[in-house]
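*Asks:* Structure in structure tokens, see below.
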Amino acid sequence: MKAKIFKISFIFLLLVTMGAGCEKEDSSSTVCGIKDPLTNLNWLRDLKVNLEGDSDVNLAEIVLYQLDNVDYIYVLKSISSSYDIPNTIYNCKGDEKYQCGGNQPVDSCTTFFLEAHKIKTLWQKK
């Protein structure tokens, strides 16, 4: 009888553990609450397509950051004909939150990067 209870308990624990793992995997694949954001967030998809097709852009990255449990998308790009162009941090609606680098009087990204956490790189153009 004890062996049967142990076996049932073990199977139950295994199923609960497997289910918990699936939840974490699903939540990590969403950005701004959207699965597959490079396809399903229209503004981000369009931005990626433009970066891919722009022959002047030789390197680019789209990176997910979080600040105070809010997702932000940092878009870095390098253009061979320009020394220092601004990179942009967007909110989930696609609105520019900050511009980084370039010829700007104030670089508001410094504070952002001190407090934000890089989650993952979503896309790269090499």
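*Asks:* Please arrange 108, 55 by counting, for each residue, the other beta carbons lying within 10 Å of its beta carbon, fewest first.
*Replies:* Working: 108 12, 55 6.
Least crowded to most crowded, the residues run 55, 108.
*Asks:* Order of 65, 98 from fewest to most other C-beta atoms within 10 Å? Don't jump to the answer; show the numbers that get you there.
*Replies:* On the way: 65 18, 98 21.
Fewest-to-most Cβ neighbours within 10 Å comes out as 65, 98.
*Asks:* Something else: For region 32-125, what value does the Rg/Rh ratio take when both radii are computed over Cα atoms and Rh is the Kirkwood radius, given to two decimals?
*Replies:* Working: Rg = 13.1 Å, Rh = 13.7 Å.
Rg/Rh: 0.95.
*Asks:* When ranked by the protection proxy of mean other Cβ atoms within 10 Å per residue, highest first, what sequence do the peptides 69-76, 40-47 form?
*Replies:* Highest mean packing first, the order is 69-76, 40-47.
Throughout, read-outs are computed from the coordinates displayed, never taken from laboratory work. These numbers were taken from a predicted model, which means no experiment stands behind them. No Cβ is skipped: glycine too gets one built from the backbone with ideal geometry, and neighbour counts run over all protein chains shown.
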